[in-house]
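Worksheet for the structure shown next.
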């Protein structure tokens with residue numbers, strides 16, 4: 001019996017209350033609803049307001065708002081990570097866990113077949129009581145889960161792991177290249193595993209969810225991370241379901257006229273585009289080093305960045321004389337831009353990214369050269385996937401505290417973008433092969449259909 005002949009599932013979604021988690025869950029919801037399955041999506045009201053235009057199947061996807069209670073230390077009205085500084089993550093996590101009674105009441109009323117969740121480790125306690133199966137669905141790469149979460153559970157919870165312990169891949173880990181290197185800032189990037197996320201440490205929260213769920217879900221493909229998925233399955237003794245990259249449908253809107261007009265002034269594949277995500281806020285000194293690195297290339301560039309710490313505006317933070325020197329060759333923009341449309345513009349030839357999981361997939365599916373400048377633990381591992389496993393990108397060298405110099409940024413970009421660069425040609429050929437594999441007709445549908453088949457087998 002194929003999926004179309006099987007009974008339709010009722011699936012509840014309850015992601016962590018950050019838009020970087022909510023949006024992939026919503027995208028997966030659309031993919032599942034496209035095949036006739038019913039979705040109940042639990043989220044705060046502010047999250048709902050941002051998702052209204054992304055619900056393609058409103059007859060099958062129903063949103064249920066859950067109030068985020070106020071707790072000490074949480075700013076009034078804060079409901080998602082977009083409303084807080086990173087230092088307020090503990091109060092937000094405490095509030096998130098305090099939503100459990102509301103979530104229990106809703107799930108008792110809705111009676112879904114399966115619940116997909118990530119950070120709400122306590123969902124598994126409700127499963128037997130209410131009668132549903134659970135999938136701990138992770139929006140990060142399988143490599144991030146394997147090297148970041150699995151080894152953390154082997155260490156005592158009453159102390160921080162040392163740099164060497166964090167940097168050492170666990171026994172049986174299937175890659176020698178996708179690793180945290182023995183650099184202090186990279187070890188520190190994984191130290192969040194032992195930091196608190198509410199009343200418990202992050203690694204306890206996640207490993208409890210992975211240990212107690214019925215199945216693990218991950219946002220990847222076997223062609224790229226098959227051994228990592230097998231490693232996770234062997235560590236947790238349960239099935240791992242692969243959903244594919246889970247990317248939103250290509251937007252139908254065209255690129256904003258002012259950006260299209262500016263980009264169109266330059267030769268094909270000549271413009272550098274850089275975006276580091278809304279959560280990556282640099283110190284002013286590193287921000288200035290970054291923009292000076294782009295200036296040093298002598299190439300046109302479009303930088304979509306958040307203003308650095310302590311600055312009132314992007315313009316205030318720019319190096320002295322920068323705008324006069326760059327003139328119309330560069331744009332530094334603070335605010336949301338149409339990244340998908342920009343990457344498809346004929347003039348854009350290089351994507352400089354922090355290598356968050358969404359940007360990682362977008363970069364591989366683009367036709368741009370890829371330069372990666374990772375900051376946090378999962379970004380570092382994603383960067384290694386692209387640069388050292390797939391060999392479709394160049395990683396910028398970084399030193400203490402993840403800082404990089406303008407010279408190192410310039411060197412990385414030019415190593416790919418100079419016309420006679422043999423490295424650039426090799427990387428481009430590798431990239432093309434991967435893009436062709438990942439863009440084959442039916443490739444993504446195959447993963448979603450298999451994911452649904454796995455869910456059916458679970459119940």
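Residue 369 passes all but one of (1) at pLDDT 95 or above; (2) more than 23 Å from the chain's Cα centre (by Cα); which number fails?
For residue 369, the failing item is (2).
With respect to residue 62, determine if the residue is more than 22 Å from residue 245 (Cα to Cα), assigned to a loop (DSSP other than H, G, I, E, B), touching a strand residue (DSSP E or B) at 6+ places or on another chain (Cβ under 9 Å) and without any contact (Cβ under 8 Å) to a residue 60 or more places away in the chain.
no
What single numbered condition from (1) more than 20 Å from residue 217 (Cβ to Cβ); (2) touching a strand residue (DSSP E or B) at 6+ places or on another chain (Cβ under 6 Å); (3) free of Cβ contacts under 8 Å to residues at least 60 places away in the same chain fails to hold for residue 90?
Condition not satisfied by residue 90: (3).
Take residue 52 and tell me if it is part of a helix (DSSP H, G or I), in the same structural domain as residue 122 (by TED's automatic domain parsing), surrounded by fewer than 17 Cβ atoms within 10 Å (Cβ to Cβ) and modelled with pLDDT of 95 or more. Break it down into steps so the answer makes sense when it comes.
Working: part of a helix (DSSP H, G or I): yes; in the same structural domain as residue 122 (by TED's automatic domain parsing): yes; surrounded by fewer than 17 Cβ atoms within 10 Å (Cβ to Cβ): yes; modelled with pLDDT of 95 or more: no.
Here the answer is no, as residue 52 does not meet what is asked.
Could you please find all residues in region 292-322 being closer than 20 Å to residue 85 by Cα and assigned to a loop (DSSP other than H, G, I, E, B)?
If the condition is that a residue be closer than 20 Å to residue 85 by Cα and assigned to a loop (DSSP other than H, G, I, E, B), then 305, 306, 307, 308, 309, 310, 311, 312, 313 are the ones that fit.
One residue is enough: does region 315-331 have a residue meeting the conditions assigned by TED's automatic domain parsing to the domain that holds residue 376 and either at pLDDT below 90 or within 19 Å of the chain's Cα centre (by Cα) (or both)?
Taking every residue of region 315-331 in turn, none turns out to be assigned by TED's automatic domain parsing to the domain that holds residue 376 and either at pLDDT below 90 or within 19 Å of the chain's Cα centre (by Cα) (or both).
Which members of region 356-370 meet the condition of being outside any loop (DSSP other than H, G, I, E, B) and over 26 Å from residue 315 (Cα atoms)?
The answer is 357, 358, 360, 361, 362, 363, 364, 369, 370.
Look at residue 67 and say whether it is modelled with pLDDT of 95 or more and surrounded by fewer than 15 Cβ atoms within 10 Å (Cβ to Cβ).
It is true that residue 67 is modelled with pLDDT of 95 or more and surrounded by fewer than 15 Cβ atoms within 10 Å (Cβ to Cβ).
Of 409, 416, which residue is assigned by TED's automatic domain parsing to the domain that holds residue 283, outside any loop (DSSP other than H, G, I, E, B), closer than 11 Å to residue 373 by Cα and in contact with a helix residue (DSSP H, G or I) (Cβ under 8 Å, 6 or more places away or on another chain)?
So the residue among 409, 416 that is assigned by TED's automatic domain parsing to the domain that holds residue 283, outside any loop (DSSP other than H, G, I, E, B), closer than 11 Å to residue 373 by Cα and in contact with a helix residue (DSSP H, G or I) (Cβ under 8 Å, 6 or more places away or on another chain) is 409.
Within region 371-391, count every residue that is farther than 18 Å from residue 144 by Cβ and touching a strand residue (DSSP E or B) at 6+ places or on another chain (Cβ under 9 Å).
The number of residues fulfilling the criteria is 1.
Of all the residues that make up region 395-427, how many are over 16 Å from residue 290 (Cα atoms), touching a strand residue (DSSP E or B) at 6+ places or on another chain (Cβ under 7 Å) and touching a residue at least 24 places away in the same chain (Cβ under 8 Å)?
Qualifying residue count for the region: 4.
Just one of the numbered conditions (1) more than 22 Å from the chain's Cα centre (by Cα); (2) surrounded by fewer than 20 Cβ atoms within 10 Å (Cβ to Cβ); (3) closer than 27 Å to residue 5 by Cβ is not true of residue 114; which one?
(2)
If I filter region 426-437 down to residues being surrounded by fewer than 17 Cβ atoms within 10 Å (Cβ to Cβ) and touching a helix residue (DSSP H, G or I) at 6+ places or on another chain (Cβ under 7 Å), which single residue comes out as farthest from residue 360 (Cα to Cα)?
Ranking the candidates gives 437 first.
With respect to the numbered conditions (1) free of Cβ contacts under 8 Å to residues at least 24 places away in the same chain; (2) on the phi > 0 side of the Ramachandran plot; (3) under 21 Å from the mean Cα position of the chain (by Cα), which one is the sole condition not fulfilled by residue 387?
Just one mismatch for residue 387, condition (2).
If you scan region 323-355, which residues turn out to be part of a loop (DSSP other than H, G, I, E, B) and on the phi < 0 side of the Ramachandran plot?
Within region 323-355, 334, 336, 337, 338, 345, 346, 347, 354 meet the criteria.
Looking at region 371-391, which of its residues are over 14 Å from residue 140 (Cβ atoms), touching a helix residue (DSSP H, G or I) at 6+ places or on another chain (Cβ under 6 Å) and not in a loop (DSSP other than H, G, I, E, B)?
Answer for region 371-391, where residues must be over 14 Å from residue 140 (Cβ atoms), touching a helix residue (DSSP H, G or I) at 6+ places or on another chain (Cβ under 6 Å) and not in a loop (DSSP other than H, G, I, E, B): 371, 372.
Of the residues that make up region 18-31, is at least one in the same structural domain as residue 140 (by TED's automatic domain parsing) and outside any helix (DSSP H, G or I)?
Our first condition is that a residue be in the same structural domain as residue 140 (by TED's automatic domain parsing); within region 18-31, this holds for 18-31.
This time we only want the ones that are outside any helix (DSSP H, G or I), so: 18.
Yes, because at least one residue in region 18-31 is in the same structural domain as residue 140 (by TED's automatic domain parsing) and outside any helix (DSSP H, G or I).
How about region 198-283: which helices (runs of 4 or more DSSP H) wholly inside it have at least 2 residues that are out of contact with any strand residue (DSSP E or B) (no Cβ under 9 Å at 6 or more places or on another chain) and farther than 24 Å from residue 15 by Cα?
Working: elements: 202-212, 222-236, 257-263.
Of the helices (runs of 4 or more DSSP H) lying wholly inside region 198-283, those with at least 2 residues that are out of contact with any strand residue (DSSP E or B) (no Cβ under 9 Å at 6 or more places or on another chain) and farther than 24 Å from residue 15 by Cα span 222-236, 257-263.
Checking residue 291 against (1) outside the structural domain of residue 29 (by TED's automatic domain parsing); (2) loosely packed, with under 15 Cβ neighbours inside 10 Å, only one condition comes out false. Which one?
Among (1) outside the structural domain of residue 29 (by TED's automatic domain parsing); (2) loosely packed, with under 15 Cβ neighbours inside 10 Å, the lone unmet condition for residue 291 is (2).
Check whether at least one residue in region 349-360 is closer than 24 Å to residue 226 by Cα and touching a strand residue (DSSP E or B) at 6+ places or on another chain (Cβ under 7 Å), and report yes or no.
Yes, the conditions are met somewhere in region 349-360.
The values are calculated or read from the model by the stated rules, or taken from the named source; none is laboratory data. These figures come from a predicted structure and were not determined experimentally. We place every Cβ from the backbone using ideal geometry, glycine too, and count neighbours over all the protein chains shown.
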